[in-house]
1. Kindly put Trp84, Trp35 in sequence by how many other C-beta atoms sit within 10 Å of each C-beta, fewest to most.
2. Quick check of the Kirkwood formula: for the chain, what is the inverse mean of 1/r over all pairs of different Cα atoms, in Å?
3. Treating only the Cβ atoms of Lys and Arg (+1) and Asp and Glu (-1) as charged, compute the dipole magnitude of the chain about its Cα centre; round to the nearest 20 debye.
4. Over all pairs of distinct alpha carbons, what does the Kirkwood formula give as the hydrodynamic radius of the range 18-146, in Å?
5. Compute the Kirkwood hydrodynamic radius of the range 87-227, taking the inverse of the mean of 1/r over all pairs of distinct Cα atoms, and give it in Å to one decimal.
6. In nm, to one decimal, how far is the Lys212 label point from the Gln79 one, both placed 7 Å along Cα→Cβ?
7. Taking 0.36 nm per residue of separation and subtracting the Cα-Cα distance, what length does fully extending Gln87 through Asp104 add?
8. For the range 150-250, give me the percentage of DSSP beta bridges that are antiparallel, rounded to the nearest 5 percent.
Amino acid sequence: MKIRKKSPKPAPAKPPLYLVGYRGAPPSLDDLKIWYDLQYGGPLTYLGHEAGGRVSVNHGPWQSYLLTSIPQSDAAQWQPVLSWDHQQLGAVSPATAAPSSIADTVLVAARLARGLTLLTQGTAFDVLCHEYLNPSDWHDRPLNAFFPRDHVTVQQSDSADESSEWFHTLGLSKFGLDELEVIQPRGLPDTETIALLKAATDRVLRAGQNQKVGSALDLPALAHTIRFIKHRTAAPTGRMMAFRQITTSTF
């Protein structure tokens with residue numbers, strides 16, 4: 001008797017890093033290349049269209065995938081999420097990258113999304129941060145500049161426990177890292193908690209890896225030590241993601 005092996009289910013498709021909404025015709029790849037090379041020195045190169053119209057775009061050794069016009073059937077799936085009335089929709093997705101180069105890959109994707117936004121006077125949606133970016137919202141950074149706050153935000157969301165408040169990051173998952181969270185009693189100052197999560201984000205990004213539950217990291221800028229006390233999953237934006245809860249003490 002033969003035992004039939006079940007076919008593995010396909011993994012759920014990863015969302016793009018950015019969706020860009022605009023009216024009218026999408027910009028040409030040549031226009032995007034001219035803009036990019038003027039802004040960042042280039043050369044931006046791209047290969048022929050793949051199935052579905054996706055294009056592989058390279059700047060040096062770093063690669064992203066670009067789709068200047070998403071098919072209407074795919075675009076319709078995003079409409080319940082997006083708060084805009086743009087007729088055309090583009091998408092930018094990063095290529096798979098080693099931990100040592102993932103920050104550069106995320107940067108290239110962000111620059112392409114910025115270019116599409118400026119060339120079309122449209123609006124970009126940072127999918128993982130759940131943040132809208134109009135042309136004036138993008139920061140004009142030099143090629144060698146990397147600021148975590150451009151890619152990771154700190155949010156305050158509803159907590160299941162009415163006696164506590166939930167603060168967490170969005171965007172660390174762009175770098176293959178778990179998001180960070182702080183759960184604290186209601187009524188405590190927000191400013192210090194937000195500053196703590198921003199400093200912790202910078203430290204974890206520099207470390208380049210998830211910290212084990214039970215481990216600790218020093219934050220010299222705040223004279224604090226953070227400890228990783230719990231690992232769990234949650235869906236603050238409707239998509240399940242991993243979180244690592246931190247607590248703090250002075251040193």
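1. Final ranking by Cβ density, sparse to dense: Trp84, Trp35.
2. When all Cα pairs of the chain are included, the Kirkwood radius is 19.8 Å.
3. 1260 debye
4. Roughly 14.8 Å, rounded to one decimal.
5. After inverting the mean inverse Cα-Cα distance, the result is 16.7 Å.
6. With each label placed 7 Å out from Cα toward Cβ, I get 5.0 nm.
7. Using 0.36 nm per residue and subtracting the Cα-Cα distance, I get 3.0 nm.
8. 90 percent
Any read-out appearing in this document is the output of simple, stated calculations on the displayed coordinates, not a laboratory observation. A quick note: this is a predicted structure, and the numbers were derived from the prediction, not measured. No Cβ is skipped: glycine too gets one built from the backbone with ideal geometry, and neighbour counts run over all protein chains shown.
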